[in-house]
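A short worksheet on the structure shown next.
Computed from the coordinates by the stated procedures, all read-outs in this text should not be read as laboratory data. Values in this document were obtained by computation on a predicted structure and should not be read as measured data. Here Cβ is always computed from backbone atoms with ideal geometry, including for glycine, and neighbour counts include all displayed protein chains.
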Amino acid sequence: MKEYKFSVEGQKAIREKIATRLILVYLFAGVCAVSVVCYKYIGTSDSGNMLWIIIPLICGWMGWNFFRVFKRQKETYATYTVTLTDNLISREASTLPTVAIYRDDIKKITRLRNGTVCVKGKDPRAIIPILPEIDGFEELTAALAQTMPIEARRNELVLRAARIGLSLSAVALFIAILYVNNKAIATGCGVLLVALSVWRFWAIRRSRNVDLRAKQRAWVSFVFILLVVGLVVAKWMSLL
C-alpha cells in the first residue's frame, strides 16, 4: 500500500490555479449582476440611492464568498490523499466523500489536456481525479497503466464548452425573465431555467467530488426555483 499526497509546493501551485479560476468566474458573475442592476435602475428617480446600496452589497457578498470557497478548496488539497494497494485505489479528503474503486471495477483511465488523470469505475459516481501536482504522480500513473492503458480524453473540449454554455444560458434565461415583456417567452424561459436548476441540484447531490458543504447548500436551489416561479407568475399578473 502506498499513499500519495500534495507537498507544500504542490499545494501552492494548486492554490494559484484555484485563485485564478475563481477570480475569473466571480469577475464575470459580478459584471453580469452589476449590469443587470444598472439596466434596471439607471434613469429612474431613485437610481442613485439604489445603485449605491445594491452594488456594494453584490461586491461584498461576492468577496466573502470568494474567500470562503478558496479556504475550503485549500483545506481539500491539504488533506487530499490517494491510496493505491494491490487491488484497490481510493481517494480521501476532509471535505469530500471517500471514493474507492477496486482494480477489477476500473472501467476507464483517461488523461485530460491539463495532465490530470481520471480513474473511472463501473459506478458512474466513482471517479478519482489525480492532479499532476501530487507527489509521485508519474509513479502512480505508471502503476495505474499496468492495470489499464491511459487514454486521452477525446470529448473534453466539447464537455467544457457544454458546461460553459449551460452556465451562460442560465444567466441569459434569468435576464430574459426579468426584462422580456412577452408572457409566453418569459414562461418558456422560466420552465427551462427551473429544469436547469433541478438538473444541477441532482448533479451536485449525486457527485462524490463535490464539497460536502456544497452538497448541503444545494438545497438553496429550491429557493431560487421559487423565485423564478414567482417572477413568471408576476409577469402573468402584470406586476413586472
From the list PHE174, PHE201, exactly one residue is touching a Ser or Thr at 6+ places or on another chain (Cβ under 6 Å), without any contact (Cβ under 8 Å) to a residue 60 or more places away in the chain and assigned to a helix (DSSP H, G or I). Which is it?
PHE201
For ALA142, all conditions in the list (1) surrounded by 17 or more Cβ atoms within 10 Å (Cβ to Cβ); (2) without any contact (Cβ under 8 Å) to a residue 12 or more places away in the chain hold save one; what is the number of the exception?
(1)
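PRO132: under 16 Å from GLY10 (Cα atoms), surrounded by 15 or more Cβ atoms within 10 Å (Cβ to Cβ) and of a type outside the set (A, V, I, L, M, F, W, C), yes or no?
Details: under 16 Å from GLY10 (Cα atoms): yes; surrounded by 15 or more Cβ atoms within 10 Å (Cβ to Cβ): yes; of a type outside the set (A, V, I, L, M, F, W, C): yes.
In short, yes.
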Go through the stretch 1-28 and report how many residues are aliphatic (A, V, I, L, M), surrounded by 12 or more Cβ atoms within 10 Å (Cβ to Cβ) and touching a residue at least 60 places away in the same chain (Cβ under 8 Å).
2
